[in-house]
Amino acid sequence: MSANVSQPNYAFPSADIPGIPLDNSNISYPNPEYAKLLAYSLYFYEAQRSGKLPPDNRVSWRHDSALQDGQDVGLDLTGGYYDAGDYLKFTLPLSWVITSVSWGVLDWGQGYQLSNQSQYVHDMIKWGTDWLIKAHSNQSTLYVMIGLGDVDNNYWGPDTNIPLPRPSFNVNSSAHGTDVAGETAAAFAASSLVFRNYYNESSYADTLLSHAIRVYEFTESTPFVLYQNSVPQVKDLYSSSNYTDELVWGALWLHRAINNGTDYLTKAINYFNANSLAGKNGVVNWDDKTGAVYILLAQLVQQSGQDATIWKAEAERYLDGIVTQSTGCFLTKGGLLWYGGDSAPASLNPALNAAYLLLNYAPYATSSDKAQRYRDFAMSQIDYSLGKNPMRTPYVIGVHPNSPQNPHHAGASGGTDVSNLNYPPITKYILYGALVGGPNSKDQFDDDRTDYSETEVALDYNAPFQNLMAYQVINSHSYPYYVSVPPGRPSIAKGLSTAVIVIIVIIAALLVVVSTLLIWKRKEISSWWKNLRNKQ
């Protein structure tokens, strides 16, 4: 790890030594360790910035980069965020991140204030919304991807020499993208509330809301289409499974942003019923917001003064299924919430999104016992991600000796051998605050940067984590679990690769052949010796 990387600023530095049990009864308010984690998460988002960096850039190894984005279509599409450990930019997952983090600020903005992070989260959201404004270049054109997967995935190097070409792809009036447009509308609307209510930036909020209204009109244009049908280049990268959730999701956020405008609430309910969204279960992530729709819809109907009984019942049906694992999810032996194939690519993200929804809804629960069950389950997932797991690993970089050391991240690795992910063998720069994908279903984690499902980082991984840290700053009266975890991970038995298995089989077969020959030769020699003795 490089010693020349300055640590991110946070309000309450902790002198606690990992591995030393702490007396939680004397914790100051707000919680200093959670304040640090919140600050570190915001630092991670700075490390993902693309474009011309501001003078107050804190990430020494991040440079001005991708300054030609959009030139192929005569636009300025510089800026925004690199999606993960590479240099591609995508509108759908970014919009989900902006929506999610804005929701967290609206819920628990006090956590940012208490941690002296209000300006940092302001800048984090605005860096994304400024780019989304550029991407929504006119009423019915929305740019959804910058770069090429095949080109980018073959480059393992710094941001100073990002390979070209970096083409710009859009959805438009003749090639729709209902899902990505609906999520972008939600991002514009949710963030407008943050800038209006928390920062008194009414002019910028008006701009965002104007874009939200116009891009939602584009969302409703027919025919409804999954955006990868219009932009096949995203198919193997961020392919969408449905657009019905985004139709409802975008309308709900517009309802909330336009002083509870009833027209959008009616639209949301109509789309919800027309597409039979009730009774669904499953993961909440950048692709599927159905579970989040249940939560937000119940809250907004109640806040509007209408009878929210059926909507709260739907929200609690969904959340109860998570807490009891009765609807297609289960707990690993170590206690991590797991959703079949949806958790395999990045196990912590579905679990922490679920934890966020549980805490977000708990004040609306129909009983205090149910609210407490929601909080307790959410806390179990937070604790797991911060070290209460079989690997004794807090899955946040830079907070403990057991934190991941080798994230799948080209820039942080310091690598210059553009085709070799294993170079350098030790990551050069500490990617403070980044949440990695997480362990496998057996709670095992190898910290191998070539295994991107476990060690890659991404914008959407940190979104629920950051929301939860803001909550903990306000509410937690104990330190994160990792502060009492001694250094050192347990060793794990690694499975044999296919190549090794093939070699073992070949060697075994050769041994059988040799053994057979030796036995045959021994019998032949024994027979010869007997014949010789008989002749004598």
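Only one residue of 274, 471, 141 has its Cα farthest out toward the positive end of the dipole of the chain, where Lys and Arg carry +1 and Asp and Glu -1 on Cβ, and that residue is 471.
Spin-label model, residue 64/residue 448: points 7 Å from Cα along the beta carbon direction are separated by 4.1 nm. Along its principal axes, segment 312-353 has C-alpha extents of 31, 18, 15 angstrom, given from the largest down.
Near residue 86: Cβ cut-off under 15 Å, other residues only, Lys/Arg at +1 and Asp/Glu at -1. The net charge is -3. Dipole magnitude for the chain: computed about the Cα centre from +1 point charges on Lys and Arg Cβ and -1 point charges on Asp and Glu Cβ, it is near 2200 debye.
Here are labelled values, (1) 21, 48, 22, 7, 1, 0; (2) 21, 52, 22, 4, 1; (3) 21, 53, 17, 5, 3, 0, and one is the computed P(r) over Cα pairs in 20 Å bins from 0, in percent for what I pasted. Which one? Comparing each candidate, only (3) matches the computed number. Dipole check for segment 135-235: with +1 at the C-beta of Lys and Arg, -1 at the C-beta of Asp and Glu, and the Cα centre as origin, the magnitude is about 80 Debye.
Membrane-span-like helices of the chain, defined as complete DSSP H segments with a Cα extent of 30 Å or more along the helix axis and a mean Kyte hydropathy of at least -0.5, are identified as 91-114, 498-535.
Residue order by solvent-accessible surface for 44, 169 is 169, 44, largest first, with ligands and nucleic acids left out and a 1.4 Å probe. Here each label is just a point 7 Å from Cα along the line to Cβ, and for residue 370 and residue 116 those points are 4.2 nm apart.
Each Cα pair under 8 Å and six or more residues apart adds its separation to the average, and for the chain the resulting relative contact order is 19 percent. Distant-in-sequence amide contacts of residue 81, defined by a placed amide H-H separation under 5 Å and a gap of 5 or more residues or a different chain, comprise 50.
Mean residue ellipticity at 222 nm, helices only, the chain: -16000 deg cm²/dmol; runs of at least 4 DSSP H residues each add -39,500 (n - 2.57), and the sum is divided by the number of residues. Between residue 239 and residue 428, the modelled label-to-label distance comes to 3.6 nm, taking each label 7 Å out from Cα in the direction of the beta carbon.
Within the shell defined by Cβ-Cβ distances under 14 Å, the residues around residue 410 carry a net charge of -3, with Lys and Arg each +1 and Asp and Glu each -1. Solvent-accessible area per residue in the chain equals 41 Å², computed with a 1.4 angstrom probe and all protein chains kept.
Residue pairs exceeding 26 angstrom between C-alpha atoms, taken from 235/267; 89/312; 36/126; 36/388; 388/442; 89/428: 235/267; 89/312.
Taking only protein heavy atoms and a 1.4 Å probe, the accessible area of the chain is 53% carbon and sulfur.
The values are calculated or read from the model by the stated rules, or taken from the named source; none is laboratory data. These numbers were taken from a predicted model, which means no experiment stands behind them. Cβ: placed from backbone, ideal geometry, glycine included. Neighbour counts: every protein chain shown. We work out accessible area using only protein heavy atoms, side chains counted, and drop any ligands, DNA or RNA first. Shrake-Rupley method; radii C 1.70, N 1.55, O 1.52, S 1.80 Å.
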